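**Q** One structure, pasted below without further comment.
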Amino acid sequence: MSTSFDPAAHSRAQGARVRRNLFRWTAFVAALGLVHVATIAWPTLSDWGVVPLTLAGLVGLLSAPLLHADWGHLFSNALGLVVLGTLVGSVYPHSASRIVLAVWVGAGVFTWFIGRPSNHLGASGLVHGLFFALFTLALLRRDRPAVVAAMIAMML
C-alpha cells in the first residue's frame, strides 16, 4: 500500500490552521478588551483575581486571566497571547485545548500557593505557560515544527 504525500496540500492545510488559530487568539484578545471595558464600568469585577491562600481567591483560578489592571497591562499580554497561542494551536492542533486549559489553571494554582498577599490579575501566567509548553515540547519531540515554534517563541 503506497500513500502519496502532497507537499502543496500539506502546506495549504498548515496555512489554513495558522490563519484559523491567529483569528481565534486575536478574537480572544479582543474579548479581553471588552472584559476590560466592563471592569471600567463595574470596578468590582477586578476583585475576581487570584488572592493567594484564601478561599475567595480560588475564583481567580478561572477569572484572573480575563481581568487586567489597565490598558498597558492588557497590551503587554496581547502580543504574547496572539503569537504563542497561534503557535501552540498550529503546531499541536490536537492537544492545544488541553495545553491551554492546563496552563490557565496551573498558573492560577501556582499563584494561589506562592503569590504575595494581594489581588493578582492578568494573563501573564498564561503567556509564560504557553512559552514554557512550546519550549518543553520542542525539547521532548525534537521535530522541525516544534523546534521552529520554540525558536519563534524565544525570539518573542
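The values are calculated or read from the model by the stated rules, or taken from the named source; none is laboratory data. Note that the structure is a prediction, hence the values are computed from the model and not measured. Here the Cβ positions follow ideal geometry from the backbone for every residue, glycine too, while neighbour counts run over all protein chains shown. Each accessible area value is taken on the protein alone, full model and side chains, heavy atoms only, with ligands, DNA and RNA left out. Shrake-Rupley method; radii C 1.70, N 1.55, O 1.52, S 1.80 Å.
**Q** Confirm whether A64 is surrounded by fewer than 16 Cβ atoms within 10 Å (Cβ to Cβ) and assigned to a helix (DSSP H, G or I).
**A** No: the conditions fail for A64.
**Q** Restricting to segment 1-52, give me the number of residues that are modelled with pLDDT of 90 or more, outside any helix (DSSP H, G or I) and open to solvent by less than 100 Å² (accessible area, probe 1.4 Å).
**A** Number of matching residues: 4.
**Q** Let me ask something else about it. Within 13 Å of the chain's Cα centre (by Cα), assigned to a helix (DSSP H, G or I) and in contact (Cβ under 8 Å) with a residue 12 or more places away in the chain: is that true of L134 in this structure?
**A** yes
**Q** Here's a follow-up. Can you tell me which residues in segment 67-91 are over 26 Å from R17 (Cβ atoms) and either free of Cβ contacts under 8 Å to residues at least 40 places away in the same chain or open to solvent by 70 Å² or more (accessible area, probe 1.4 Å) (or both)?
**A** Passing the criteria: A69, D70, W71, G72, F75, S76.
**Q** Still on this structure, please answer the following. With V100, V127, V105, V147 as the choices, which residue is part of a helix (DSSP H, G or I), open to solvent by 20 Å² or more (accessible area, probe 1.4 Å) and at pLDDT below 95?
**A** Exactly one residue qualifies, and that residue is V147.
**Q** Can you name every residue in segment 108-124 that is closer than 19 Å to L55 by Cβ and open to solvent by less than 30 Å² (accessible area, probe 1.4 Å)?
**A** Hits for segment 108-124 are G108, G115.
**Q** Please work out if D47 is out of contact with any helix residue (DSSP H, G or I) (no Cβ under 8 Å at 6 or more places or on another chain), over 22 Å from P145 (Cα atoms) and among the acidic types (D, E).
**A** When the stated conditions are applied, D47 passes them.
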